Amino acid sequence: MSKSNSSILILIISMLFISNNVVAASYEIEMLNKLGKEKMLFSKKVIKIDINDEVLWKSVDKGHNVEFIGMPDGALKYKSKHSKDAVYKFSKAGIYLYQCTPHKAMGMIGIVVVGNDKNNLEKIKNVKVYGKSKKLLKSLLADL
């Protein structure tokens with residue numbers, strides 16, 4: 001193989017790796033009144049994603065929203081409207097703890113781990129949660 005062909009091949013392979021890292025993924029979590037025996041919950045309690053991935057919280061049942069109550073330093077606070085789909089693109093690595101504001105005491109919380117970065121775990125452990133969310137949060141964090 002000539003030197004110019006080798007250079008072209010290296011360029012093509014490099015571009016393939018770069019393009020794979022640029023494509024962000026999208027995830028969907030449903031906001032539900034009931035799933036099996038559980039009531040007032042997000043369909044996925046914990047998801048692990050990469051930086052620049054997006055999460056869509058689908059308003060399947062009315063009366064729910066998404067509110068970040070713990071996040072990495074420098075991440076923007078987020079609170080969606082009730083009974084509306086919510087989308088957020090995660091640009092900062094770390095753990096994000098969120099709740100449904102009206103159902104926070106019923107255990108309607110979830111966690112997004114971005115970039116497999118758990119540097120803010122202690123901060124998340126100290127977030128004040130209510131009712132059933134206290135026990136659930138401990139369980140979710142123990143499984144990280």
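Counting DSSP beta bridges with both partners in region 25-142, what percentage is antiparallel, nearest 5? Mind dumping the intermediate values first?
Working: 18 of 28 bridges.
Around 65 percent of the beta bridges assigned by DSSP in region 25-142 are antiparallel ones.
Once you compute Rg and the Kirkwood Rh from C-alpha atoms, what is the Rg to Rh ratio for region 25-142?
Value, to two decimals: 0.93.
Taking the Cα centre of region 28-133 as the origin, how large is its charge dipole in debye, to the nearest 20, when only Lys and Arg (+1) and Asp and Glu (-1) carry charge on their Cβ atoms? Please list the in-between numbers first.
Values: 20 positive and 12 negative charges, 92 e Å.
Dipole magnitude for region 28-133 comes out near 440 debye.
Whole-Hz Karplus ³J(HN,Hα) for region 26-35, in order, using 6.51 cos²θ - 1.76 cosθ + 1.60 and θ = phi - 60°, x for Gly and Pro?
Once θ is set to phi - 60°, the couplings for region 26-35 become 10, 10, 10, 10, 8, 9, 10, 7, 7, 8 Hz.
Along the charge dipole of region 25-142, Cβ charges K/R +1 and D/E -1, which of Leu41, Tyr88, Asn120 sits furthest on the positive end?
Leu41
Each value in this text was obtained by applying a stated rule to the coordinates, not by laboratory testing. Since the model is a prediction, treat every value here as computed from it, not as a measurement. With ideal geometry, Cβ positions are generated from the backbone for all residues, glycine too; neighbour counts draw on all protein chains shown.
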